[in-house]
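Before I ask anything, let me first share the structure, which is written out below as structure tokens.
Each value in this text was obtained by applying a stated rule to the coordinates, not by laboratory testing. All values derive from a computational prediction rather than experimental measurement. All Cβ positions, glycine included, derive from the backbone under ideal geometry; neighbour counts span all protein chains shown.
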Amino acid sequence: MSIYNISHQYCDTDALLAETTEISSLLRDQFYKICPGQYKYRNGTYARLGQPRCGDGTNFSFFFSRPPEGQQDNQREKILIELSGGGACWDETTCKLQSMFLSFPQEWLGPLVGSSCATWSSWGNSMLCAKTVGNTDFSEYNFLLIPYCTQDVHLGDEPNSDYGVKHVGGHNLYQTLKWVFDSFPDPSHIFITGCSAGATPFPVVYDIINSHYTANGKEVEINGIADSPVYLTPSYFLENGLEHWNVKTVMDVIGFDFDAYKDDENFPNKVLDYALENSKETDQWGYVTHDADTVSLLYYSFMTGGSVFGSQYGLGRRYNSGGSQPWNVRRKMKNDLQSQWWMKMNSSMSLATKDHSNFHSFVMTGTDHCTFSLVSES
């Protein structure tokens, strides 16, 4: 008997129920929308990470497609997991700016249902599950897409923020991965990817997956590419933003000592190093970025105290042609900020490359953001 009561009251009518959907019942080469339930203990309290929703309270689902018939006959399953990106917010002001990204992206992803990876790509969307990259044919993989609608880089556990946003990305992530674990007890290979906010939690996602299969005595190769992660955590953001997401719950799941580093600007480096220390040396990680990524740089400005309205910190004015500073002063401030951002990014990746033989960084020249995953045409 389950220790939980599982409710599906927050599931759309066009979604299958995760807890009652068997892989064998799904047609191949076709996308399904699948909704994880709400988990409550018998005493009525919610289970840890048991309330999947979107930031504005709309219903959350993930998308899944099996490979075409014959692609994996008599083989252990292969899985491709992609986490969607789409910014971040951490207070009333930033969440107002990001309000359109707090709803479930039905208009964008709804047409996926019933289509195939190849069909979706033919409509102009670069779907990785329809590609071959190097020697890896991703059309052989079960494909799982985790949408993003919580603005907390998929890691939050704060369903009741004081500005009305449900930062419960950790719930959506955890319950989706639980379905993967239940549905695929012994896969041969898992590939993880995502861009921007979908790339930022890569070390945590890897560690959850790796720990699960290792604890169950399964040898699973796990590789991945984090595309343009918004990676750094300046002091201002640690003091005024991160606490609003309550990522401690997910960090506790992987055994990371969040309290020891929650005020340390090296927090992301510590998480990265922790997950790499726990990784299998045969599991290869790649980090991809541009050396003048304008999106990452913009968020770095906001996270250091800048404001799109040009607050007293002044950082927002670097992107506002109407700022009060002379043009040459604004340009110097922007260049200084970019140098600071890139110095810290490059230092972090160089250190990880030096300390871990299975970590690889790939840097391109330019201002682009995201080149590899779902939104890419490359």
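Counting each DSSP H run of 4 or more residues in the chain as -39500 (n - 2.57), what helix-only mean residue ellipticity at 222 nm follows after dividing by all residues, to the nearest 500 deg cm²/dmol?
-9000 deg cm²/dmol
Something else now. So which aspartates and glutamates pass the test for Lys270, namely a Cα distance under 16 Å, with those fewer than 8 places away in the same chain ruled out?
Excluding near neighbours in sequence, the set is Asp207, Asp252, Asp257, Asp259, Asp355.
Taking every pair of distinct Cα atoms and averaging 1/r, then inverting, what Kirkwood hydrodynamic radius in Å comes out for region 2-123?
Radius from the Kirkwood sum: 16.7 Å.
Right, something else. Could you pull out the pairs from Lys33/Lys262; Lys96/Lys262; Lys178/Lys354; Lys166/Lys218; Lys78/Lys262 whose alpha carbons sit more than 31 Å apart here?
Distance filter (> 31 Å) returns Lys33/Lys262; Lys178/Lys354; Lys166/Lys218; Lys78/Lys262.
Taking the Cα centre of region 134-254 as origin, work out the dipole magnitude from +1 charges on Lys and Arg Cβ and -1 charges on Asp and Glu Cβ, in debye rounded to 20.
Result for region 134-254 is approximately 100 debye, rounded to the nearest 20.
What is the fewest-to-most order of His167, His154 by other Cβ atoms lying within 10 Å of their Cβ?
Placing the least packed residue first, the sequence is His167, His154.
Helix 267-278 versus the longest principal axis of the chain: what angle, 0 to 90°, nearest 10, using Cα atoms?
30 degrees
Under a point-charge model restricted to the Cβ atoms of Lys and Arg (+1) and Asp and Glu (-1), what is the dipole moment magnitude of the chain relative to its Cα centre, in debye to the nearest 20? Don't jump to the answer; show the numbers that get you there.
Values: 26 positive and 43 negative charges, 161 e Å.
Its charge dipole is roughly 780 debye.
On to the next question. Which order do Trp108, Trp342, Trp245 fall in if you start with the one that has the fewest other Cβ atoms within 10 Å?
Trp108, Trp342, Trp245
Please order Arg66, Arg42, Arg76 by the number of other Cβ within 10 Å, starting at the fewest.
By the 10 Å Cβ count, ascending, the order reads Arg42, Arg76, Arg66.
Same structure, new question: With point charges of +1 on the Cβ of Lys and Arg and -1 on the Cβ of Asp and Glu, referenced to the Cα centre of the chain, which listed residue (Ser25, Phe359, Ser228) lies farthest in the positive direction of the dipole?
Ser228
For Phe362, what residues show an amide H to amide H distance below 5 Å, using hydrogens built from the backbone and excluding near sequence neighbours?
Correct list: Tyr287, Val288, Thr289.
Which angle from 0 to 90°, rounded to the nearest 10, does the C-alpha axis of helix 294-303 make with the longest principal axis of the chain?
Taking the Cα atoms of the chain, the angle to 294-303 is about 70 degrees.
In addition: Quick one: what Rg and Dmax do you get for the chain from the alpha carbons, in Å?
Values for the chain (Cα only, Rg and Dmax): 20.5, 70 Å.
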